[in-house]
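Computed from the coordinates by the stated procedures, all read-outs in this text should not be read as laboratory data. Note that the structure is a prediction, hence the values are computed from the model and not measured. FYI the Cβ positions are ideal-geometry reconstructions off the backbone, even for glycines, and counts take in every protein chain you see.
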């Protein structure tokens with residue numbers, strides 16, 4: 001069946017529909033209960049990190065500080081040193097947070113809403129504030145800007161990052177556009193890596209808003225599956241463009257050690273860091289330094305982390321291989337969908353024919369496999385094409401994943417055929 | 001010397017000044033370097049908690065959840081159960097946070113500023129918003145309301161809590177008064193415990209603002225030094241008064257296990273908890289559940305916690321005894337100061353003669369003993385009497401504390417005598 005399903009005859013579609021319905025019934029009868037909705041690591045990945053759980057026998061930091069007590073708002077020097085080494089950032093840009101980089105992002109926008117930054121007015125005073133949302137993207141990013149009352153503007157993704165022609169044109173003409181969400185390496189969900197040119201253009205583009213911010217969520221900065229991909233330095237790009245305060249950089253060890261019990265950080269310009277630390281100093285006396293020590297004891301330094309991530313990749317890669325192999329076998333012929341083959345990160349992004357994603361995911365859910373909801377990768381959870389599906393292969397066991405992916409492919413095909421038969 | 005120093009002759013004052021200046025010089029020559037500025041536990045207290053640092057061998061929560069992974073926004077059920085048992089609160093009121101109750105308070109005010117609550121408008125829209133600050137009080141509370149642009153209104157403290165006649169009269173007539181800071185048990189710094197009547201009046205008082213909030217920071221709720229003091233139920237009081245959404249309750253294990261690596265919580269009405277969880281769900285995927293398990297493994301249940309706190313009290317009590325004994329010996333005759341004898345908590349509060357606190361603390365600092373800055377216990381760091389001093393005896397060793405307190409008493413006396421001699 002070389003020709004695309006859209007060119008099939010009614011008879012061909014109807015014959016396939018019968019077969020698929022029978023296959024689907026068979027799956028539905030198995031009482032599956034698999035959850036692939038979120039990018040959660042599976043127990044194999046978690047077990048690999050169990051050394052973090054071991055006794056913390058030394059609680060003195062490198063400079064002699066007792067990490068059991070209050071203080072050190074910006075995080076332990078050795079924790080900032082570690083993040084700096086791993087991400088090639090000056091530790092003097094870094095503020096160590098609690099267990100969640102998402103919280104650092106939310107708190108950053110909350111601060112900008114309430115106080116503004118660098119002398120510019122509070123964003124809450126900007127009546128029709130807007131935010132750029134390269135899409136498909138991360139639903140929790142979009143949820144934050146929605147919560148704070150931003151109109152979210154969808155920007156299309158290209159193979160090298162957000163469509164920069166669109167971005168440049170939008171930000172140049174509208175001072176109520178205050179920022180952009182970016183997952184620059186192995187983007188969620190497409191696994192796209194921003195090119196050097198994209199980074200450079202983000203740093204130097206003219207923005208009507210003088211306080212425009214790039215939210216640089218490098219969540220998968222060390223999550224290489226097939227060798228390292230380099231990411232250009234966003235701070236250097238901003239400085240070269242004469243916009244030193246433009247970028248907020250976020251990272252965490254949530255998907256390196258334990259989700260929800262890792263260590264998060266943010267980085268920004270030296271000037272702005274002073275301002276932010278002053279404000280954070282009203283909010284907290286300091287984040288959990290014992291967890292910083294625990295994390296450092298396991299991850300140690302950049303070379304140890306590299307080895308650690310390579311070991312995690314050995315667990316993750318077979319899962320991605322199962323997904324991609326199944327898609328290849330089941331959906332390629334007939335052109336039921338297109339998808340990416342990511343070189344890292346946590347997701348595979350798939351596009352069905354227009355109007356089929358929601359139906360396919362409903363079928364999967366009814367048969368016991370919950371996946372990320374249709375539309376979740378777009379602002380307001382509204383995919384204009386009803387086409388994009390985020391596949392999160394990290395949580396199930398390999399066997400569960402094989403089953404889930406086979407069922408998923410049956411659902412995509414069945415939804416497509418039903419759609420083409422005019423059933424919805 | 002039975003008569004008060006204010007009634008001394010010039011000759012008497014001048015003679016004493018000479019003696020004190022010589023004593024002070026002797027201390028100044030010792031090159032002391034002691035810091036008593038903050039309520040930090042000393043190493044003896046910290047060492048007692050080292051079991052928290054031991055290997056976490058089981059990471060399954062009671063309901064089977066793997067605490068290493070994402071999720072459970074409101075905190076582990078057993079953590080909420082524990083807090084509920086210890087504080088006599090319904091666990092269904094409780095949201096477990098990260099390592100800092102201060103952050104939960106800041107975030108609560110930030111949420112009210114940005115979104116309001118229970119359908120009432122955002123506080124940021126209230127032009128001349130105000131907040132009641134019973135004083136002397138906790139400087140970090142005042143710093144939060146100052147940061148968010150509240151005019152802070154000082155309310156005097158009585159032996160049973162804030163002067164409720166003043167509070168009732170203020171809140172009844174001004175709808176821009178949005179809340180009150182309360183440390184209801186062993187208040188910081190005076191160690192005052194709110195009486196049942198105070199709690200009842202707070203719950204039922206008529207407030208012009210329909211969204212008036214009591215910030216109930218029960219930081220020292222289990223820090224009894226000489227037997228237990230009971231605190232009335234603020235939620236029951238609010239409900240009895242027909243104001244079920246009035247109180248936000250805060251607590252943490254920071255001064256039970258490790259400062260900055262404990263577990264914090266907030267509690268509120270059942271209705272409002274739903275609203276808050278929805279908003280927090282945008283800010284985080286959940287707080288550190290492994291630290292919840294670590295904390296629970298050591299503190300276990302209410303009886304174990306009680307025993308634990310009694311052991312900590314055995315370390316703390318001698319420190320309070322040193323402070324009170326020294327004050328008694330050095331400052332009572334002549335009436336150089338008055339102070340409280342707290343039955344729990346972390347501080348002793350002392351009042352010098354008007355206009356002497358700043359000078360006394362400057363003398364102490366010059367001789368190497370840093371204490372909480374003069375004025376810190378009042379809004380805007382401005383003590384109208386320049387009289388209140390917060391003594392934080394928990395951090396130094398007993399020997400250091402003896403030396404520091406002797407020096408401190410010399411400084412108070414010297415400042416007083418200089419003041420009475422008209423030197424400043």
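Here are the numbers for the structure shown:
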quantity: Shielding by partners - mean other protein chain Cβ count within 10 Å, residues of B:275-284; calculated: 4
quantity: Exercise: per-residue mean of other protein chain Cβ atoms within 10 Å, A:104-116; calculated: 3
quantity: Estimated FRET transfer efficiency when R0 is 56 angstrom, pair residue A:204-residue B:362 (beta carbons, to 0.05); calculated: 0.60
quantity: Theoretical gain in end-to-end length, residue A:158 to residue A:81 [0.36 nm per residue, Cα-Cα removed]; calculated: 24.3 nm
quantity: Estimated FRET transfer efficiency (residue A:302, residue A:423; beta-carbon r; R0 51 Å; 0.05); calculated: 0.40
quantity: Sequence-separation-based contact order of the stretch B:368-424, relative, with Cα cut under 8 Å and 6+ spacing, percent; calculated: 25
quantity: Per-bin percent of Cα-Cα distances, the stretch B:47-178 [10 Å]; calculated: 10, 26, 31, 20, 12, 1
quantity: Inter-label distance for residue B:48 and residue B:63, nm, one decimal - labels placed 7 Å from Cα along Cα-to-Cβ; calculated: 3.4
quantity: Nearest-first distances (nm) between copies at residue A:366, label 7 Å from Cα via Cβ; calculated: 8.5
quantity: Other protein chain Cβ atoms within 10 Å, averaged over every residue that makes up B:289-295; calculated: 4
quantity: Beta bridges by DSSP in the protein assembly as shown, antiparallel share as percent, to the nearest 5; calculated: 45
quantity: Pair residue B:232, residue B:317: separation of 7 Å Cα→Cβ label points (nm); calculated: 3.0
quantity: Antiparallel DSSP beta bridges within chain B, percent to nearest 5; calculated: 45
quantity: Shape call, the stretch A:194-251: gyration tensor on alpha carbons, a/c limit 1.5; calculated: prolate
quantity: Inter-copy label distances at residue B:121 (7 Å, Cα→Cβ; nm, one decimal); calculated: 1.7
quantity: All-pairs Cα distance distribution in the stretch B:124-260, expressed in whole percent, bin size 5 Å; calculated: 2, 10, 20, 24, 21, 13, 6, 2, 0, 0
quantity: Theoretical FRET efficiency, 1/(1+(r/R0)^6), r = Cβ-Cβ of residue A:31 and residue A:328, R0 30 Å, to 0.05; calculated: 0.60
quantity: Cα centroid separation - the stretch B:38-78 against the stretch B:117-191, whole Å; calculated: 33
quantity: All-pairs Cα distance distribution in chain A, expressed in whole percent, bin size 10 Å; calculated: 4, 21, 29, 24, 15, 6, 1, 0
quantity: Mean-position separation - Cα centroids, the stretch B:392-424 and the stretch A:393-424, in angstrom; calculated: 76
quantity: Mean Cα-pair separation over length for the stretch B:59-299, i.e. relative contact order, pairs under 8 Å, 6 or more apart, %; calculated: 25
quantity: Where labels lie 7 Å past Cα in the beta-carbon direction, separation of residue A:11 and residue B:166 in nm; calculated: 9.4
quantity: Inter-copy separations for residue A:230, label at 7 Å along Cα-Cβ, nm, ascending; calculated: 7.2
quantity: Bridge type composition, the stretch B:59-299 - antiparallel percent by DSSP, nearest 5; calculated: 35
quantity: Ranked packing of B:67-73, A:321-327, B:380-386, most packed first, by mean Cβ within 10 Å; calculated: B:67-73, A:321-327, B:380-386
quantity: For the stretch A:61-300, diffusion coefficient by Stokes-Einstein and Kirkwood Rh (Cα), 4 °C, 1.567 mPa s, µm²/s; calculated: 71
quantity: Chain A, relative contact order in percent, only Cα pairs under 8 angstrom and at least six apart counted; calculated: 25
quantity: Where only alpha carbons of the protein assembly as shown are counted, the Rg and the Dmax (Å); calculated: 30.4, 118
